[in-house]
Amino acid sequence: MKRWITTTDHKRIGLLYFWTAFCFFLVGGLEALLIRLQLAQPNGHLVSAETYNQLFTMHGTTMVFLALMPLSASFFNYIVPLQIGARDVAFPRLNAFSYWVFLLGGLLLNASWLVGPLFHAPHWNVAPNGGWFGYANLTERQFSPGPNIDFWLLGLQILGISSLAAGFNFIVTILNMRAPGMKMLRVPAFSWMTLVTQFLVITAFPVITVGLVFLMFDRFFGTHFYVATAGATPLLWQHLFWLFGHPEVYILILPAMGIVSEVLPTFARKPLFGYTVVVFSGVLIGFMGWGVWSHHMFAVGLGPIADSVFAARPC
Amino acid sequence: VPRHRLCLLAVALAVSGCGGPFPQSTLEPRSDFGWAVDHLFTDIFWWAAGVFLVVEALLVITLIRFRHREGRPAPRPTHGHTVMEIAWTLAPAVILVFVAVPTVRVIFATSGEAPADALKVDVIGHQWWWEFRYPELALVTANELHLPRGRPVQLSITSADVIHSFWAPALGGKRDAIPGRINRIAFRADSMGDYAGQCAEFCGESHANMRLRVVVDSDSGFGRWATVQLTGPARPAPGTLAERGKAVFARSACLGCHTIQGVSPGIIGPNLTHVGSRTTIASGLFPNDSAHLASWIADAPALKPGSVMTRMQPPLTDADIAALVAYLEGLR
């Protein structure tokens, strides 16, 4: 037990990530099941409207930040050092720090299901209820007065710290710790996709961090970053969120594409077809992932020119 | 259970979803906007179907033709093929041109511009109901949008609180109602009918209960409706239950939030001047009948969680509620 808690070994941390992600995956699946049971009949009353909103908010947040991302992290940890011939990641202690901070963030988010009485709420659950996208100005204190959104804000900030630390760790590992003779165009496809993913992480997470800090200041200190009546526009949140959110899509899919690019050749007993193209496509996806955020905002009314530009971008 | 029965059961369950009716289908357009999107959808569907067939056929052929069998030698290692890479990069690019041109055309055609003679309506989203104002007619109503068939209309959409999204699928796409901004959508309805819609941006506890209806009528039918809406509220006959209801309305909290022309000036809730002429209450949630009106007045949050219209303190008596219902139903 103690050896698992104090470990800095990349394989063990990989397994910790895997099993923790799997547990959160079950939690997220349970939430999805409750959503479906509620919808199995018209006007379902299995849960209240408020609880239902909490369920789909926590389902989305859990699947993205507590299941899929850490599942990718488990593969990064377990496989990347082996693939590039390193003894471990560049900063093993920072690696352990990433895992424990992730666990803390996940537990904080989910604690919101049980701590209602601490906030004098009439029920146990004060879980986040603003959607996984947390659109302002619904998430402002005026429209969401409870602690629900605060759990979401702080939970995501903490998870962001974990992802950023891991991002820098793996970039340094892949760039600096390859075995002698392993030039960049000999790095296995999965490790390449890991590298692209980590660059996306260290550039995209600061954007949502800024968005969340603005929202936090609005909620706690009376600023007006998203308050329409004070002359600001709540659309700022949507731009910041999707400027993070669309690269996030590639943060989730690129590692899986890397895994497929390893598994298929292995079972077809042939080398990867067009390795160089695969690598450069991955890098290109990383860049283009930054140019498509507004295709989450076609109903917002940005005007036909902006809508056309973002419709024409292929990702 | 035999396997084929299980398969049949699965198919039956899946097909049961095809039964309808589908009051909010986007695939049954009833306006120029709807048809433009529908044609684009059909176009892109066939391109996608073609791509799907080619890709899946190649995949299946490859899987069968080159599968592993005992005694076969290991496959020849191939590292890539530049010409093929270029070919299957260019082919999608060309197809995307054929998809992009009509897409951009429809984006511009549906961007909200309307001819000068278009009927203008201001749409204001509230948690959780819709306010409709006809500035040229000086007319205000709620939750049921009446429009004439065949005439261009332009909706100017905004919000009084959080972000909502106006969506009546048969008539047009979603357009967000954002506080501090005005978004426009324009279309011309081509057939009469009662079209369902609802808020399409998560807006809080009763988002799912924020529905709307669009009633498209003939030009003369719309004119008659507008004339009725423009007259003052019906005066209940002396000595009736409805007259007592009016008195209850005038002495309770109702008037703080609701407008009844000449009776009360409230602007927080829907305008009730002609509430009796609507087919539904609570933004399209319930039929407008005495039973539902009574339970709505008694305890709105029980029917629509989070509703601003809380239970009245001190509570209204059953007799008061019955009188109110009679009064409101008479406001035709």
Whichever residue in the range B:171-196 is farther than 29 Å from B:SER220 by Cβ and over 13 Å from the mean Cα position of the chain (by Cα) and, among such residues, is farthest from the other protein chains (Cβ to nearest Cβ): B:ILE182
Failed item, numbered, when A:PHE199 is tested on (1) touching a residue at least 12 places away in the same chain (Cβ under 8 Å); (2) outside any helix (DSSP H, G or I); (3) over 13 Å from the mean Cα position of the chain (by Cα): (2)
The one condition in (1) in contact with a strand residue (DSSP E or B) (Cβ under 8 Å, 6 or more places away or on another chain); (2) surrounded by 17 or more Cβ atoms within 10 Å (Cβ to Cβ) that B:SER206 fails to fulfil: (1)
Members of the range A:254-304 found to be in contact with a Ser or Thr (Cβ under 9 Å, 6 or more places away or on another chain), part of a helix (DSSP H, G or I) and among the aromatic types (Phe, Trp, Tyr), listed by number: A:TYR275, A:TRP290
Residue list for the range B:255-284, filter: in contact with a Ser or Thr (Cβ under 7 Å, 6 or more places away or on another chain) and either without any contact (Cβ under 8 Å) to a residue 24 or more places away in the chain or of a type in the set (Gly, Ala, Ser) (or both): B:LEU255, B:HIS258, B:PRO265, B:GLY266, B:ILE267
Subset of the range A:109-138 [under 15 Å from A:LEU212 (Cβ atoms) and away from chain B (no Cβ under 14 Å)]: A:LEU109
Some residue of the range A:266-287 being in contact with a Pro (Cβ under 6 Å, 6 or more places away or on another chain) and either in contact (Cβ under 8 Å) with a residue 24 or more places away in the chain or more than 14 Å from every other protein chain (Cβ to nearest Cβ) (or both): yes
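Conditions (1) surrounded by 20 or more Cβ atoms within 10 Å (Cβ to Cβ); (2) closer than 22 Å to A:GLN157 by Cβ, marked per residue:
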position: A:GLN54; (1), (2): yes, yes
position: A:THR61; (1), (2): yes, yes
position: A:VAL64; (1), (2): no, yes
position: A:ALA67; (1), (2): yes, yes
position: A:SER74; (1), (2): yes, no
position: A:ASN77; (1), (2): yes, no
position: A:ASP88; (1), (2): no, no
position: A:ARG93; (1), (2): no, yes
B:GLY266 vs. criteria at pLDDT below 95 and closer than 16 Å to B:ALA326 by Cα: no
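Condition first: charged (D, E, K, R) and either touching a helix residue (DSSP H, G or I) at 6+ places or on another chain (Cβ under 8 Å) or closer than 30 Å to A:ALA311 by Cβ (or both). Now tell me which residues in the range B:1-58 satisfy that. It would help to see each step written out before you state the result.
Our first condition is that a residue be charged (D, E, K, R); within the range B:1-58, this holds for B:3, B:5, B:28, B:30, B:32, B:38, B:43, B:56.
If the condition is that a residue be charged (D, E, K, R) and either touching a helix residue (DSSP H, G or I) at 6+ places or on another chain (Cβ under 8 Å) or closer than 30 Å to A:ALA311 by Cβ (or both), then B:GLU28, B:ARG30, B:ASP32, B:ASP38, B:ASP43, B:GLU56 are the ones that fit.
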Subset tally (residues that are closer than 12 Å to B:VAL153 by Cβ and not small (Gly, Ala, Ser)) for the range B:105-121: 5
Residues that are more than 23 Å from A:LEU68 (Cβ to Cβ) and either touching a Gly at 6+ places or on another chain (Cβ under 8 Å) or surrounded by fewer than 15 Cβ atoms within 10 Å (Cβ to Cβ) (or both), drawn from the range A:269-290: A:ARG269, A:PRO271, A:PHE273, A:GLY274, A:TYR275, A:THR276, A:VAL277, A:PHE280
Of the criteria (1) part of a helix (DSSP H, G or I); (2) out of contact with any Phe, Trp or Tyr (no Cβ under 9 Å at 6 or more places or on another chain), which one B:ALA208 fails: (2)
In the range A:243-265, the residues that are buried (at least 16 other Cβ atoms within 10 Å of the Cβ) and either within 14 Å of chain B (Cβ to nearest Cβ) or in contact with a Gly (Cβ under 8 Å, 6 or more places away or on another chain) (or both): A:PHE244, A:HIS246, A:PRO247, A:VAL249, A:TYR250, A:LEU254, A:MET257, A:GLY258, A:SER261, A:PRO265
Tabulated pairs, the range A:87-109, first of a type in the set (Asp, Glu), second modelled with pLDDT of 95 or more, C-beta under 6 angstrom, 6+ apart or interchain: A:ASP88/A:HIS10; A:ASP88/A:PRO81
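The values are calculated or read from the model by the stated rules, or taken from the named source; none is laboratory data. The structure presented is a predicted model; accordingly, all values stated were derived computationally and were not measured. Note: ideal-geometry Cβ built from the backbone for every residue, glycine included; neighbour counts use all protein chains shown.
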